[in-house]
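The values are calculated or read from the model by the stated rules, or taken from the named source; none is laboratory data. In this text, all values refer to a predicted model and were calculated from it rather than measured experimentally. Quick reminder, even Gly has a Cβ in these numbers, built from the backbone with ideal geometry, and neighbours come from all protein chains shown.
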Amino acid sequence: MDLTLSPSEEEFRDEVRAWLRANHPGPEPEAGLDEVMSFRREWQLKLHEAGWAGISWPQEYGGRGATMIEQAIFAAEASRQEAPAPANVLGLAMGGPVVIAHGTEEQKARYLEPILTGEEIWCQGFSEPESGSDLASLKTRAVKDGDEWVVTGQKVWTTFAQYAKWCMLVARTDPDAPKHQGLTYFLMDMEQDGVQTRPLVQITGEGEFNEVFFEEARVPDENVVGGVGNGWAVAITTLMNERAGLAFGAISQIQNSLGRLSKLARETPSNGGTAADDPYFRQRIAQLHIEVETMRLNAYRGLTKTMQSGIPGPEGSLGKWQWADLNQDLTELALEIEGAYSMLARGSEHAVAGGAWQYGFLRSRANSIEGGTTDILKNIIAERVLGLPRLR
Amino acid sequence: MYFDLTDEQQAIKSTAHDFLASRFKSERIREIAAGASGFDENGWKEMAELGWAGLALPEEWGGQGLGTVELAVLFEEMGYALVPSPLLSNTIAGLAIAAGGNDEQRQRYLPQLASGELLATPALMDAGVPAEPGIFAMAAREDGDGVVLDGEKTLVMDAASADLFLVATADGRRHLVEQDAAGVTVVPEESIDLTRRLSSVRFEGVRVTSENTLPGSAETYFPPVFSRACVAIAAESTGVAQRALDFSVAYAKDRQQFGRPIGAYQAVSHRCAQMLLETENSRSAVYGAAWAADAEPESLPLAASMAKAYASDAGWRVPDAAIQVHGGIGFTWEHDLHFFLKRGRANAAMFGDAKWHRERVAEAVLARETAAANA
């Protein structure tokens, strides 16, 4: 057992730390999403030029070939310094790894470089209005027409679809096959008439995600990834990658939030002192620190296990569940500390901390839904970790 | 970075697991729990032969010289098997003597503690004052070449089988008092945990010669011992939680209602998932703290409090959830679950409860963050 970094890992961390300090572009613009996206594109290009985009990707595909620990270190450090997200986060975390794992040589040559540079943004077309947690029931159809496929249907919760060049699309190619077997994974060009996106306004007032409508949209045969009928297995790879990559960045992020929470507590009057002196708030703050630490240690244990077996296990679901709970608890506590002023939001003169906690409270409601609902994660844990019988 | 047991630690775990599973079946635990003293002499001898009594004591005093991680491994298995044993109290007393005793005291007691011939237990909390870590009321009255102790220690573990008490006094000292010393009376209490007996120990004009008082103030040597005691009992609670979870999963697969195993229903399976989350968190916190004890002592106090706070809650909540999963049978004396609930609940209150440790965590993290903000 050794919870320290090796000298070479420390060296790597110092290198990451120094580079981020020197190149950090400052906070994201507060204007609209368009401004944020061009800011992130610029940032991603900078990352790419220094070799920090796609650090988990093998070197032959333009990545850094970093070890899992190095990936964890990079993610933790970037979050710690609150570096912006790269513009093409879905392409880097999911699209690229899928093409590398399942793509043809031609696909690798075509798609990987523009993912790394951020020149082409990717989005993920999985969920549908009637297929959320039960993803394999999806109905969007792809019908063969010569050497093309004609796609008709609707996707939803498609983050950054409005900026995307490519969509990782899972569609039904064989309506007669059992539901998991009739699916195919396509790379769909979003820039065509048959594809329409409509932003959905979230409870925060923002519009990160969209509905996407396909009406006889066309995908050439060469854009099938992993073979016709194999879409479910390919899609599962992306989801695994999503979870494995998120943990360490998320932990640093939540540690930063804990720091801000303590600051809020120290600056907020309560019971004749500050909230940081109030035994009730002290207990709650301590409990959050304890649970964040257990999440961090669980992630280390998971990483050790993954390094031994080569693949992330279903235990990753525990971390995602816990992260969602903690982000929600943390922002709920912040509003409780703010008391009556918690009623004021961004843009209000008397809003505490510029209304950041109100935003955080609202945004974190999605944490237990996005990327696998907590309820589904509990099913996964019950079935695959504990071996309990399936209801379905 | 490697957060898993080494092969050697894994070997300790499986040896302990197999030995305890074969020796401490339900019927045997019930026999010991129903006995007058709650002490199982044969079981203790066997554990001592395995080297457990001196596992973490220095080799030069007859121990095995192993670390806190190994101690946590062992106590997790002790909790899993719910063994009625003075191993915990004996270990803590031994660690305190190793940390704070002079060589003469170490030589006199540690080899015997390590071999299991002698049993020792800490007698820390005093009747009449808040039963919290660090609050001591008993006076040590100077008397010639030594002190005289008067007062009543409460909530003393395994006192009936103990040969030696490690007694705390309000002046910050620790004294070694043998059970047969004049003026010592053990008064057994009724503990909720039948597998770990608690007693009061009365001291009436008990003379302690200076050679039996540990030199110096306990503040200089006792905090790391206390932290390791917290890690050990938190490890035990983790084992308790794991066992309750295993019972529940097995039952949920087996028990049929409405034509299906109850584990297929989300009300049950999600409860089990929650139990797993709490058990795994508890385990991570325990081994993180155990590692800190051995490798990064400056972070031990915070890590130990985090582990003890978390495991205090999980150690009884998981068995509590297990009873719900089992329904009526879980509420019967006949089923073993209640022993686990009771041990978990008692462990939660020993060596500082979750609230006490959370306050220590708050103190540490708020100070750290204030320092960072001012830097």
Check on B:R108, basic (K, R) and over 18 Å from B:G205 (Cα atoms): yes
Could you list all residues from the stretch A:92-105 that are surrounded by fewer than 18 Cβ atoms within 10 Å (Cβ to Cβ) and in a helix (DSSP H, G or I)? A:A101, A:E105
Whether any residue in the stretch A:383-392 is touching a strand residue (DSSP E or B) at 6+ places or on another chain (Cβ under 9 Å), within 30 Å of B:P261 (Cβ to Cβ) and modelled with pLDDT of 95 or more is what I want to check. yes
Strands (runs of 3 or more DSSP E) within the stretch A:106-209 that include 3 or more residues touching a Gly at 6+ places or on another chain (Cβ under 9 Å) and surrounded by fewer than 23 Cβ atoms within 10 Å (Cβ to Cβ): A:148-159
Output for the stretch A:333-382, where each listed residue is in contact with a helix residue (DSSP H, G or I) (Cβ under 8 Å, 6 or more places away or on another chain) and among the acidic types (D, E): A:E336, A:E338, A:D375
Residue set A:Y163, A:Y185; condition of a type in the set (S, T, Y), outside the structural domain of A:N88 (by TED's automatic domain parsing) and within 23 Å of A:I376 (Cβ to Cβ); output residue A:Y185
Which pairs turn up if I take residues in the stretch B:354-372 that are facing chain A (nearest Cβ under 7 Å) and look for partners that are surrounded by fewer than 20 Cβ atoms within 10 Å (Cβ to Cβ) with beta carbon separation below 6 Å, at least 6 apart in sequence or on another chain? B:R358/A:Q283; B:E369/A:G259
Which pairs have Cβ atoms under 6 Å, sit 6 or more apart or on different chains, and link a residue in the stretch A:337-354 that is in the same structural domain as A:D277 (by TED's automatic domain parsing) to one that is among the acidic types (D, E)? A:V352/A:E338
Does the stretch B:271-301 hold any residues that are at the interface with chain A (Cβ under 7 Å from one of its Cβ atoms) and surrounded by fewer than 18 Cβ atoms within 10 Å (Cβ to Cβ), and which are they? none
Hey, among the residues in the stretch A:337-392 that are buried (at least 19 other Cβ atoms within 10 Å of the Cβ), within 14 Å of chain B (Cβ to nearest Cβ) and over 30 Å from A:G125 (Cβ atoms), which one's nearest to the chain's Cα centre (by Cα)? A:L386
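Here's the yes/no breakdown for (1) more than 19 Å from A:D325 (Cβ to Cβ); (2) modelled with pLDDT under 95; (3) within 13 Å of another protein chain (Cβ to nearest Cβ):
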residue	(1), (2), (3)
A:F248	no, yes, yes
A:I251	no, yes, yes
A:L258	no, no, yes
A:G272	yes, yes, no
A:Q283	no, no, yes
A:Q287	no, no, yes
A:N298	no, yes, yes
Step by step: first the residues of the stretch B:245-267, then only those that are among the hydrophobic types (A, V, I, L, M, F, W, C) and facing chain A (nearest Cβ under 7 Å), then the one that is farthest from the chain's Cα centre (by Cα). Which residue is that? B:A264
Restricting to the stretch B:225-270, name every residue that is buried (at least 24 other Cβ atoms within 10 Å of the Cβ) and hydroxyl-bearing (S, T, Y). B:S227, B:S237, B:T238, B:S248, B:S269
Modelled with pLDDT of 95 or more and under 19 Å from the mean Cα position of the chain (by Cα): is that true of B:A289 in this structure? yes
Filter the stretch B:4-24 down to residues that are free of Cβ contacts under 8 Å to residues at least 12 places away in the same chain and of a type in the set (S, T, N, Q) and give me whichever is nearest to the other protein chains (Cβ to nearest Cβ). B:T6
Count of the stretch B:305-315 residues which are more than 8 Å from chain A (Cβ to nearest Cβ) and touching a His at 6+ places or on another chain (Cβ under 8 Å): 3
Here are A:A265, A:A247, A:A275, A:A235: which of them is under 30 Å from B:M1 (Cβ atoms) and in contact with a Phe, Trp or Tyr (Cβ under 8 Å, 6 or more places away or on another chain)? A:A247
Could you identify the single residue in B:L176, B:L155 that is at positive phi and either surrounded by 16 or more Cβ atoms within 10 Å (Cβ to Cβ) or in a helix (DSSP H, G or I) (or both)? B:L155
Counting just the residues of the stretch A:15-38 that are surrounded by 13 or more Cβ atoms within 10 Å (Cβ to Cβ), within 21 Å of A:G51 (Cβ to Cβ) and free of Cβ contacts under 8 Å to residues at least 60 places away in the same chain, which one comes out farthest from the other protein chains (Cβ to nearest Cβ)? A:N23
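Residue-by-condition table, conditions (1) over 25 Å from B:F340 (Cβ atoms); (2) assigned to a helix (DSSP H, G or I):
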| site | (1), (2) |
| --- | --- |
| B:E8 | yes, yes |
| B:F19 | no, yes |
| B:L66 | yes, no |
| B:A72 | no, yes |
| B:L88 | no, yes |
| B:A93 | yes, yes |
Could you figure out which of (1) farther than 28 Å from A:N327 by Cα; (2) without any contact (Cβ under 8 Å) to a residue 60 or more places away in the chain; (3) surrounded by fewer than 16 Cβ atoms within 10 Å (Cβ to Cβ); (4) of a type outside the set (A, V, I, L, M) isn't true of A:E216? (2)
Subset of the stretch A:265-276 [surrounded by 22 or more Cβ atoms within 10 Å (Cβ to Cβ) and in contact (Cβ under 8 Å) with a residue 60 or more places away in the chain]: A:A265, A:A275
Within the stretch B:29-45, is even one residue part of a helix (DSSP H, G or I), more than 13 Å from the chain's Cα centre (by Cα) and β-branched (V, I, T)? yes
Hey, A:E82 within 29 Å of A:G316 (Cα to Cα) and in contact with a helix residue (DSSP H, G or I) (Cβ under 7 Å, 6 or more places away or on another chain) or not: yes
Hey, does the stretch B:70-80 have a residue that's closer than 17 Å to B:D40 by Cβ, among the β-branched types (V, I, T) and buried (at least 24 other Cβ atoms within 10 Å of the Cβ)? no
Across the stretch B:284-304, what is the number of residues that are in contact with a Gly (Cβ under 9 Å, 6 or more places away or on another chain) and closer than 21 Å to A:L326 by Cα? 1
Candidates B:V187, B:V201 - the one that is over 30 Å from B:K25 (Cβ atoms), in contact (Cβ under 8 Å) with a residue 40 or more places away in the chain and in the same structural domain as B:A162 (by TED's automatic domain parsing): B:V201
